[in-house]
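Read the structure below first, then the notes.
The values are calculated or read from the model by the stated rules, or taken from the named source; none is laboratory data. Note that the coordinates shown come from a computational prediction; the quantities given were computed from them, not determined experimentally. Virtual Cβ from ideal backbone geometry, glycine too; neighbours counted across all protein chains shown. Ligands, DNA and RNA are excluded from the accessible area calculation, which covers all protein heavy atoms including side chains. Shrake-Rupley method; radii C 1.70, N 1.55, O 1.52, S 1.80 Å.
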Amino acid sequence: MNILIENGRVIDPGQAVDREATSLFVVAGRIAAIGEAPAGFVADEVIDAAGCVVCPGLIDLGARLNSIEAELAAAVAGGVTSVVVPPDADPPLDEPELADRLVHRGREIGKARVLPLGALTLGLQGERLSELAGLKKAGCVAFSQAKVPVVDTEALLRALEYAASFAFPVFLHPQDHWLSRNGIAHDGEVAARLGLAGIPVAAETIAIATIVQLVRDTGCRVHLTRLSSAAGVALAKAAMAEGLPLSFDVGVHHLLLTENDIGFFNTHARFQPPLRTQADRAALSAAAAEGFAAICSDHTPVGADDKLVPFGEAKPGATGLEVLLPLTLKWAEQAGISLSAALARITSAPAAILGLAGGSLAIGAAADICIFDPAAEWQLTPEALKSRGKNSPWLGCRMSGKVRRTLVGGRIVY
C-alpha cells in the first residue's frame, strides 16, 4: 500500500531532519521520500497530519506483556512500534522455543514489533547459562536477568565472558541483592518518616561498580537498565568516558517523580528501583538531556488488587506504554530541551543501544511511524488505557500529546 502523510512536521532525530508542513511517502512498507513525491507515486491512502508531528515509531527498552494482546494494543496507542520484553515471564524466557513462540505470537497479533530479551541464566537463577545461541537465533535481541540480580559474581563474570565471545549484548539491572532484598522505598527522610524499610543508593552503585569492572575485564557490551541515582549516573558516565562498551537508560517516571510522591503510602508510586531524591531526579534528567541516557516506559501492568494493599505489600511498577510519549514531552518542557532532542531519547537512542536499524525515517527504512498532536490534551483515566494495567501515579492528571496514527511496516495499526 502506498501512503501519503501530508502537512505534518516531520522530525527524525537520527537524521537531523525537522521540516514543517511537508510530506512523507510510504511505498511497500518503507520510507520512499520526504518532501518530493517519488516518480510515479500514486497514494492508496492519504493521512492529513496538519498540526501533528510525524516521527519514527517509539522504541521502548523495557515493557512487560502480561497480556500480550492488550499490551501490544496499548503500545501502538502510545506510538510505540517496537517493544523490548524482559525475560521474567512465567516461565522465564530461557529456552529458544519460548522466545520463538513469543515472537511468532507478536507477528500474529500484528501490532508493535516484539523484541525479547533472553534469560541470561536458566530460570533466572544466576547459576547455569541459558542456551544463548539458540535464543539469539529465535529472535532475542540481547540477554538479561530482568530485575533478578546474579548474586554469584563469578557466575556473572563467566556469563559476560561467554556473551562477549559471541558479541551478545547483555542488559543488567544494577541492584545489590543484599542491600535491596528487604527494602521498599529510598533510604531517606520520607521512608524514615513513614516507617518503610529503605533501599540505599549504595545498592545501585556497588552493583554498577562491579559490572563496570567486569566489563573492563571481559569487553562485554552491557546496557544498564533503570538507573535511579545521581551517584549511579556518575559511575556510568565515567565508564562511558573511559570508552567501555556501556550504555544506560532511565524510566520515564523517575525523570518526573521523587520520593515525596509516595505521599501517604500511595502504592501507585512504588517502583523498583524506588523513586529517590530531588537531586537524584535532577541528575537523571541532566543525563537524558545531555544524551547519555535513553528513556523507557518500564511498563509494568499490575492488577488492581495488587495495588489495593498496604504499601509494603504492593507490587512495584506502573503502566507506561501509553504515557511514555506525553511524559517525555512533559519532561522535555521542564528540562528546556528541544522536541527533536526529546524524541531522540525514545527513538534513535534505543535503536542505537539495540544495534538495530529502527528509530529512523531514513529513505529505505521500514515505515515504523508515529503521528501525534503535541498540543492535544487528554485525561489519564483507567477507561482511557488499553493496557490491562490501570496502575499509574498520574491517574486523573491531564496529559499533553496525543497519538493520532501509528504505522508499523507501512501498515496502519492504530
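Scanning segment 373-394 for residues that are open to solvent by less than 60 Å² (accessible area, probe 1.4 Å), assigned to a loop (DSSP other than H, G, I, E, B) and in contact (Cβ under 8 Å) with a residue 24 or more places away in the chain yields Leu380, Leu385, Ser387, Gly389, Asn391, Ser392, Pro393, Trp394.
Table: residues versus (1) at positive phi; (2) open to solvent by 50 Å² or more (accessible area, probe 1.4 Å).
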| site | (1), (2) |
| --- | --- |
| Ser229 | no, no |
| Val233 | no, no |
| Met240 | no, yes |
| Gly243 | yes, yes |
| Arg270 | no, no |
| Pro274 | no, no |
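When each of Phe264, Phe248 is tested for being open to solvent by 20 Å² or more (accessible area, probe 1.4 Å), closer than 27 Å to Leu327 by Cα and among the aromatic types (Phe, Trp, Tyr), the lone residue that passes is Phe264. In segment 116-123, is there at least one residue being out of contact with any strand residue (DSSP E or B) (no Cβ under 9 Å at 6 or more places or on another chain), modelled with pLDDT of 95 or more and open to solvent by 10 Å² or more (accessible area, probe 1.4 Å)? Yes, some residue in segment 116-123 is out of contact with any strand residue (DSSP E or B) (no Cβ under 9 Å at 6 or more places or on another chain), modelled with pLDDT of 95 or more and open to solvent by 10 Å² or more (accessible area, probe 1.4 Å). Considering Ala89, Ala133, the condition of being surrounded by fewer than 22 Cβ atoms within 10 Å (Cβ to Cβ) and modelled with pLDDT under 95 is satisfied by Ala89 alone. Among the residues making up segment 285-324, those that are among the aliphatic types (A, V, I, L, M) and closer than 16 Å to Ala344 by Cα are Ala286, Ala287, Ala288, Ala289, Ala293, Ala294, Ile295, Leu324. Only one of the numbered conditions (1) outside any strand (DSSP E or B); (2) of a type outside the set (D, E, K, R); (3) open to solvent by less than 40 Å² (accessible area, probe 1.4 Å); (4) closer than 19 Å to Glu322 by Cβ is not met by Asn66, and that is (3).
Residue count for segment 156-175 under the criterion of being in a helix (DSSP H, G or I), in contact with a strand residue (DSSP E or B) (Cβ under 7 Å, 6 or more places away or on another chain) and open to solvent by less than 20 Å² (accessible area, probe 1.4 Å): the result is 3.
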